[in-house]
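Here is the structure we will look at.
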Amino acid sequence: MIKAFTKNYFQYNSQITIAIIAIVSFLLYGNTLNHEYTQDDAIVIYDNMFTTQGMQGIPGLLTNDTFYGFFKEEGKAQLVSGGRYRPLTPIMFAIEYEIFGNQPFIGHLFNVIWYFLLGIVLFFTIKLLLSNVFDAQQSVIFSLIATLLYLAHPLHTEVVANIKGRDEIMAMLGSLLVLMLSLKYNKTIFQKLTIGFIFFIACLSKENAITFLAIIPLSSILFFNSNLKKAILDTIPAILGFIIFLVIRTSVLGWDFGGTPMELMNNPYLKFVSNQYIPFSSSEKISTIAVTLLKYIQLLFFPIVLTHDYYPRHIEIASLSQFLPWISFVTYLSLSLLALFWFKNKKVLAFSIIYFLATLSIISNVFFPVGTNMSERFMFMPSLGFILALTYLYQKISFKRQSIFFLISALTFVLYSYKTINRNKVWVNDFTLFTTDVKTSNNSAKVLNAAGGALTTQAFEEKDDKKKTEMLSLAISYLDKATKIHPSYKNAYLIKGNAYYFLNDYENAIKNYSLALQIDPNYSDAEKNLAISLRDNGRKAGEVERDLEKSIGLLNRSLEFSKTDVETYRLLGIAHGIKGDHNKAIFYFQKAIELNPNNAGSYLNLSNAYNYTGDIENARNMMDKALSLDPNINK
């Protein structure tokens, strides 16, 4: 049956191939279409001041760091070394925003469509590369199986299920298209200009497309027996495209790469010593990177336990005295030697290894800092090398029996697909993503903070008091751990303060907001929330504890952080009135009226205070004003 199918299909009909790839792409990721925005979608889509302007925001996207539209202030854009200039996909999102509005369905739909188109280009690129290695039928079978395995690999869920991940899809799509065109259609001036333009576009999506400047000549030499001169000539159009990108990037971001950030969430190679962060020692950094690179290989073979978060300290600090770094060194050295050894006789394996190492290099933290230890999306491009090697090995261990080759490939595809479809469900929204992955990355300060924040936000909407308390208590436990891992994590202290505030535990709320302000004295959110907590704790001290001195002290502290809160002035007026200091009460009620002259209650309070001082005329005037604003105020 299998032979009959392959004989009839592999005559060969490209339309059937395209249909298979389309069906598989939508079966794998169709369950993401009704998902919400998640993770970094805020940065490039719904909370980006340029993207949300639609077409009018495109100039801003082209002339600023990719993060600028989210942070909306100078200095915060280049949080990671070198900044980020990736305007292509934000421009796509801006166009979609212009046409469809704020619709995550559209973003998810286009991600699946672009992934399907990537699958088509991938198939034809592999088929071209193998045209001089296998016969026509073998190359088609191999290319289709490798393409389907690549599409189904669970490590790709972060890219496709998260709309922001489109930058990875477009960079890979453009790079593969340039590879194919460079090897087959690179003769006329028009063809060369087209190749250069496409590569320029790929770089605008994500900088890791640059690694294909090594893959193009490698492919030309390995699969088409080109000499070095011919291989370099094949690559020139792409090089020119990259140079244009580099010129534009430099004109926008400059040559200043910003040094090494000293914030743990942007630089994982820091440790907390003597109440401050200092860089890892060289051996610690090398060892930790080595363990991370070994983890990538593990995930390629066994993509079982997945997470979107590998921030500190999901990857622990390693040292050369441990076993794993040395296993990593030996593994990568062995791969490099095997690639050289197989270069002439086992070209597919040699290419797979060199491709993997080349595309891995830019996100490995060996040559350039990427702001985190690792990420599954970083494997989107390198994983193709793994898939090509896996497909080749499946073919070899089948001893040329096509039925066995199909069987083990199909089993792998089914296992991958099952994991991918199930993993997609976690990406439905931030709450599900964060509260699920915190169980895996339970030593990551970032996801502990994110899960704590998601639970706190959800608890605010919860009507069941018991459930609300349970959610806030769990949030606090996550945030406690986050601040133990990262003692200067100001956002974690802010959210912990919020959680305590919702529990009406104002003392602990005040403590955590104060800690956030110790870390960053200009932290406006912490200032605002601290003022509210001090005010409400002052109210509690007066109304529940009957401690006027404590109440007045807390309310005065609140004014230090917010001098425009009407309620604080009202409470101070009441506290001083109860204490018998009616002149001070009048002062605070007058301040409340200055801030909000249309509040009937403030005039009523002021009228009562004047009455206590014997100023009947002013008392009557204030009462008249109160009644004019609210005729029922004194009933």
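The values are calculated or read from the model by the stated rules, or taken from the named source; none is laboratory data. All figures in this text were calculated on a predicted structure; none of them were measured in a lab. Every residue, glycine among them, receives a Cβ derived from its backbone with ideal geometry; neighbour counts consider all protein chains shown. Note: accessible area is taken over every heavy atom of the protein model, side chains too, but ligands, DNA and RNA are not part of it. Shrake-Rupley method; radii C 1.70, N 1.55, O 1.52, S 1.80 Å.
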Within the range 256-295, of all residues that are in a loop (DSSP other than H, G, I, E, B) and among the charged types (D, E, K, R), the one most open to solvent (accessible area, probe 1.4 Å) is ASP256
Flagged in the range 358-383 as open to solvent by 10 Å² or more (accessible area, probe 1.4 Å), at pLDDT 95 or above and either farther than 24 Å from SER444 by Cβ or charged (D, E, K, R) (or both), in numbering order, are ALA358, SER361, ARG377
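Kindly indicate which of ARG570, ARG539 is among the basic types (Lys, Arg) and in contact with a Gly (Cβ under 8 Å, 6 or more places away or on another chain). Step through it out loud before you land on a result.
Details: ARG539 fails: in contact with a Gly (Cβ under 8 Å, 6 or more places away or on another chain).
When all the criteria are applied, what remains is ARG570.
Please specify each residue of the range 311-324 satisfying the condition of being closer than 26 Å to VAL159 by Cα and crowded, with 21+ Cβ neighbours inside 10 Å.
If the condition is that a residue be closer than 26 Å to VAL159 by Cα and crowded, with 21+ Cβ neighbours inside 10 Å, then TYR311, PRO312, HIS314 are the ones that fit.
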Reported set for the range 150-187 where residues are in contact with a Ser or Thr (Cβ under 9 Å, 6 or more places away or on another chain), open to solvent by 10 Å² or more (accessible area, probe 1.4 Å) and in a loop (DSSP other than H, G, I, E, B) is TYR185
For the range 424-437, pairs from a residue that is under 16 Å from GLY452 (Cβ atoms) to a residue that is of a type in the set (Phe, Trp, Tyr), with Cβ under 6 Å and 6 or more apart or across chains, are LEU433/TRP427
Apart from one, (1) crowded, with 17+ Cβ neighbours inside 10 Å; (2) touching a residue at least 60 places away in the same chain (Cβ under 8 Å); (3) in a helix (DSSP H, G or I) all hold for GLY453; the odd one out is (2)
For the range 225-239, pairs from a residue that is over 18 Å from PHE190 (Cβ atoms) to a residue that is surrounded by 15 or more Cβ atoms within 10 Å (Cβ to Cβ) and acidic (Asp, Glu), with Cβ under 9 Å and 6 or more apart or across chains, are SER226/ASP234
Flagged pairs (Cβ under 7 angstrom, 6 or more apart or on separate chains; first in the range 179-198, closer than 21 Å to ILE210 by Cβ; second of a type in the set (Asp, Glu) and open to solvent by less than 70 Å² (accessible area, probe 1.4 Å)) are SER182/ASP234; LEU183/ASP234; ASN186/ASP234
ILE485 vs (1) within 25 Å of the chain's Cα centre (by Cα); (2) without any contact (Cβ under 8 Å) to a residue 60 or more places away in the chain: all pass except (2)
- Query: In this structure, is SER175 touching an Asp or Glu at 6+ places or on another chain (Cβ under 6 Å) and in contact (Cβ under 8 Å) with a residue 24 or more places away in the chain?
  - Reply: no
In the set LEU222, LEU240, the lone residue that is farther than 21 Å from LEU118 by Cα, in a helix (DSSP H, G or I) and open to solvent by 80 Å² or more (accessible area, probe 1.4 Å) is LEU240
Considering residues that are at pLDDT 90 or above, under 24 Å from the mean Cα position of the chain (by Cα) and either under 30 Å from PHE224 (Cα atoms) or of a type in the set (S, T, N, Q) (or both), the number found within the range 251-272 is 2
Only one of (1) of a type outside the set (Phe, Trp, Tyr); (2) closer than 23 Å to ALA492 by Cβ; (3) open to solvent by less than 20 Å² (accessible area, probe 1.4 Å) does not apply to LYS439, and that is (3)
When (1) surrounded by 21 or more Cβ atoms within 10 Å (Cβ to Cβ); (2) out of contact with any Phe, Trp or Tyr (no Cβ under 7 Å at 6 or more places or on another chain); (3) assigned to a helix (DSSP H, G or I) are applied to ILE327, the one that fails is (1)
Result of the Cβ filter at 7 Å on the range 98-121, keeping first residues that are in contact (Cβ under 8 Å) with a residue 12 or more places away in the chain and partners that are in a loop (DSSP other than H, G, I, E, B) and hydrophobic (A, V, I, L, M, F, W, C), at least 6 apart or interchain, is PHE105/LEU33; GLY107/ILE45; HIS108/LEU33; LEU109/LEU33
By my count, helices (runs of 4 or more DSSP H) wholly in the range 540-635 with at least 3 residues that are open to solvent by 40 Å² or more (accessible area, probe 1.4 Å), over 30 Å from ASP505 (Cα atoms) and out of contact with any Lys or Arg (no Cβ under 6 Å at 6 or more places or on another chain) are 582-595, 600-613, 616-629
Tell me, please, whether a residue that is modelled with pLDDT of 95 or more, out of contact with any His (no Cβ under 8 Å at 6 or more places or on another chain) and not in a helix (DSSP H, G or I) can be found in the range 489-496.
yes
Taking the range 56-115 and the residues there that are acidic (Asp, Glu) and either over 28 Å from SER251 (Cα atoms) or assigned to a loop (DSSP other than H, G, I, E, B) (or both), the one that is modelled with the lowest pLDDT would be GLU74
Quick count over the range 24-43, residues being in contact (Cβ under 8 Å) with a residue 60 or more places away in the chain, open to solvent by 10 Å² or more (accessible area, probe 1.4 Å) and either part of a helix (DSSP H, G or I) or not acidic (Asp, Glu) (or both), is 11
Here the residues within the range 584-600 that are closer than 21 Å to ASN556 by Cα and of a type outside the set (Val, Ile, Thr) are LYS584, ALA585, PHE587, TYR588, PHE589, GLN590, LYS591, ALA592, GLU594, LEU595, ASN596
